[in-house]
Amino acid sequence: MVYISAAVIAAPTAGREPYAAFAREMAPMIRGLGALRVVDAWGDQVPPGKRTDMYRAVDSTPEETPVFSWIEFPDAETAAACMEAMSAPPAEDAPPFEMPFDGQRMIFGGFELLSERGAGAPGAPEAYIDAALFPVATSARERYGAEAVRKSEAIIAAGALRCLDGWGDHVPEGKRTDMRRAVALEDGESVALGFIEWPSKAVRDAAWEKLMADPEFSGEMVGDMSRAIFGGFAPLVDA
């Protein structure tokens, strides 16, 4: 059962290639620290929201694009050890290390697996990702998990390769931005994560048109969707 570390980053739109190069360089190091898979995806269809959205989540400027990134680990302990190693001060003789984005505005968290259906296709040339964060009543964890299973089965049947839902296990508070603020989290709520892997954007668009026309699928949601943040992303790195 995998454990997910997820992040949303504000990257300069003009710096897509430098960001991709940075992500390609980082992926083998993260894999070497125990990760099973490392994915970085560039914001392609990220709508603005009335109250919350991916842009506000990372205090984005008009010259920036949201990036969704996730790392899969075999367990929470491996994830914690990896993050600790990556946060350690560099050696005195280490070359200068610069990130092609403002790390102070990055939001991140660790998520326990609630539901997983299907299998991804790492490296697929036309792959596309839907990703979202939701506020859900902490007491509704089991109900949310059951609903995630039901909807995942419908999404897979419509053409998705993989659906994954996770429950916030380690969602730290930040000085300027964090996942809690991103979804305007209230007392008694937890942050939930969901992402869908598609074989292509075209398949994804056709599937959503079909799913949203089905009243059984688009019925009552568990959680306040008016505070969800979400978007469609094109993979840059999948290692």
Go through the stretch 1-24 residue by residue and tally those that are surrounded by 23 or more Cβ atoms within 10 Å (Cβ to Cβ), closer than 9 Å to D40 by Cβ and touching a Phe, Trp or Tyr at 6+ places or on another chain (Cβ under 9 Å). 1
Can you name the number of the only condition in (1) over 18 Å from M54 (Cα atoms); (2) of a type outside the set (G, A, S); (3) part of a helix (DSSP H, G or I) that E220 fails? (3)
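Out of curiosity, is V222 touching a residue at least 60 places away in the same chain (Cβ under 8 Å), in contact with a Lys or Arg (Cβ under 6 Å, 6 or more places away or on another chain), among the aliphatic types (A, V, I, L, M) and over 30 Å from R31 (Cα atoms)? Even if it seems obvious, please write down each step before you answer.
On the way: touching a residue at least 60 places away in the same chain (Cβ under 8 Å): yes; in contact with a Lys or Arg (Cβ under 6 Å, 6 or more places away or on another chain): yes; among the aliphatic types (A, V, I, L, M): yes; over 30 Å from R31 (Cα atoms): yes.
Yes: the conditions hold for V222.
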If we scan the stretch 42-57, do we find a residue that is aromatic (F, W, Y) and touching a Lys or Arg at 6+ places or on another chain (Cβ under 9 Å)? yes
Can you tell me which residue within the stretch 59-84, out of those that are in contact with a Ser or Thr (Cβ under 7 Å, 6 or more places away or on another chain) and acidic (D, E), is surrounded by the most Cβ atoms within 10 Å (Cβ to Cβ)? E64
Return the pairs, sorted by first residue and then second, in which the second residue is of a type outside the set (A, V, I, L, M) and part of a helix (DSSP H, G or I), the first residue lies in the stretch 66-77 and is under 23 Å from D130 (Cα atoms), the beta carbons are less than 8 Å apart, and the residues are 6+ apart or on different chains. P66/Y55; V67/Y19; I71/C82; F73/C82
Out of the residues in the stretch 110-140 meeting the condition of being crowded, with 16+ Cβ neighbours inside 10 Å and among the charged types (D, E, K, R), tell me which one is farthest from L236 (Cα to Cα). E112
Name the single residue that is nearest to D205 (Cα to Cα) among those in the stretch 25-46 being touching a Gly at 6+ places or on another chain (Cβ under 9 Å) and surrounded by fewer than 20 Cβ atoms within 10 Å (Cβ to Cβ). Q45
Condition first: assigned to a loop (DSSP other than H, G, I, E, B) and farther than 23 Å from W167 by Cα. Now tell me which residues in the stretch 75-91 satisfy that. A88, P89, P90, A91
Considering the stretch 172-218, residues that are more than 14 Å from the chain's Cα centre (by Cα) and aromatic (F, W, Y), and then whichever is modelled with the lowest pLDDT, we arrive at F217
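For the stretch 141-156, which positions are closer than 20 Å to G232 by Cβ and without any contact (Cβ under 8 Å) to a residue 60 or more places away in the chain?
Once the filter is applied, which keeps residues that are closer than 20 Å to G232 by Cβ and without any contact (Cβ under 8 Å) to a residue 60 or more places away in the chain, the stretch 141-156 yields A148, S152, I155, I156.
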Could you tell me whether R56 is in contact with a helix residue (DSSP H, G or I) (Cβ under 9 Å, 6 or more places away or on another chain), over 25 Å from C163 (Cβ atoms) and either surrounded by 14 or more Cβ atoms within 10 Å (Cβ to Cβ) or at pLDDT 95 or above (or both)? yes
Filtered residue count, the stretch 154-190, keeping only those that are in contact with a strand residue (DSSP E or B) (Cβ under 6 Å, 6 or more places away or on another chain), part of a helix (DSSP H, G or I) and farther than 24 Å from K50 by Cα: 2
Search result, residues across the stretch 152-198 that are out of contact with any Ser or Thr (no Cβ under 8 Å at 6 or more places or on another chain), surrounded by fewer than 22 Cβ atoms within 10 Å (Cβ to Cβ) and among the charged types (D, E, K, R): E153, R162, D169, E173, K175, R176, D178, R180, R181, E186, D187
Need pairs with beta-carbon distance below 6 Å; first residue surrounded by 14 or more Cβ atoms within 10 Å (Cβ to Cβ) and within the stretch 199-215, second at pLDDT below 95 and not in a helix (DSSP H, G or I); sequence gap 6+ or separate chains. S200/E126; L211/F217
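The values are calculated or read from the model by the stated rules, or taken from the named source; none is laboratory data. Since the model is a prediction, treat every value here as computed from it, not as a measurement. Using ideal geometry, Cβ is built from the backbone for each residue, glycine included, and neighbour counts are taken over all protein chains shown.
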